[in-house]
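Everything on this sheet refers to the single structure shown next.
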Amino acid sequence: WATRLETALDDDGFELHAQRMDALGSSDALAPRAEQHAEILIRLRGGKLDAPVLPGAFLPAAERFNLINRIDQWVLGRVIEWWTAHHDQIDIDTFWINLSGQSFSDRQFQEDALCSLREAGDELCTSLCFEITETAAAGASAREFILRLKELGYQLALDDFGTGFSSFGYLESLPVD
């Protein structure tokens, strides 16, 4: 997996998909347009029968072999590039991006991400929401990064709430939206 992931990073062997997020029961065609959201999902190209490989198959290896930060940087870079080229043609209000706890806690990733986000401009911050697990959000370095993202105007959401500390009192102390 490590060799395959490094090759994919070097040769642009990943692809991104956007999955629209709809509230249950929101299919009323006569209702006024509600905000539209989509989650960005990564796939590895070239699986069996040339079908994309789902992240559950390769992300654990990426974390184990310390490649997750490079993958998260790739995702963020491609989302920024795509959004910059197409934001005036998109009917999605907010794109949600999952970042690993390792990336949220890595100082070099933080600096690279903040630099990329600043270069993309202020308008992007209204269109991106970063997702992080509650366990990762609790770390001091991750909290610092979250606060820096929020200073730029980005939203933060907890992913998989309830699988870690799962306390609503604890939830109030996290700097997330």
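Could you let me know the centre-to-centre spacing of region 1-19 and region 77-96, using Cα atoms, in angstrom?
Distance between centres, Cα-based: 20 Å.
Between residue 94 and residue 123, what is the spin-label point distance in nm, taking each point 7 Å from the Cα along the Cα→C-beta axis?
About 2.0 nm, to one decimal.
To the nearest 10 square angstrom, what accessible area does residue 78 show with a 1.4 Å probe?
The accessible area of residue 78 comes to roughly 80 Å².
Using the Kirkwood formula over every pair of different C-alpha atoms, what hydrodynamic radius in Å results for the chain?
It works out to 17.4 Å.
If each residue of separation counts as 0.36 nm, what is the full-extension length gain between residue 81 and residue 50 once their alpha-carbon separation is subtracted?
Extending this stretch completely gives an extra 8.6 nm.
Just by accessible area at a 1.4 angstrom probe, what is the order of 15, 111 from largest to smallest?
Largest to smallest exposure gives the sequence 111, 15.
Hey, what's the Kirkwood Rh for region 119-161 if you take every pair of different alpha carbons, in angstrom?
10.8 Å
Taking the simple approach of a point 7 Å from Cα along Cα-to-Cβ for both residue 7 and residue 140, what is their distance in nm?
4.2 nm
The values are calculated or read from the model by the stated rules, or taken from the named source; none is laboratory data. A quick note: this is a predicted structure, and the numbers were derived from the prediction, not measured. So basically every Cβ, Gly included, is an ideal-geometry build from the backbone, and we count neighbours across all protein chains shown. Keep in mind that these areas ignore ligands, DNA and RNA; they rest on the heavy atoms of the full protein, side chains included. Shrake-Rupley method; radii C 1.70, N 1.55, O 1.52, S 1.80 Å.
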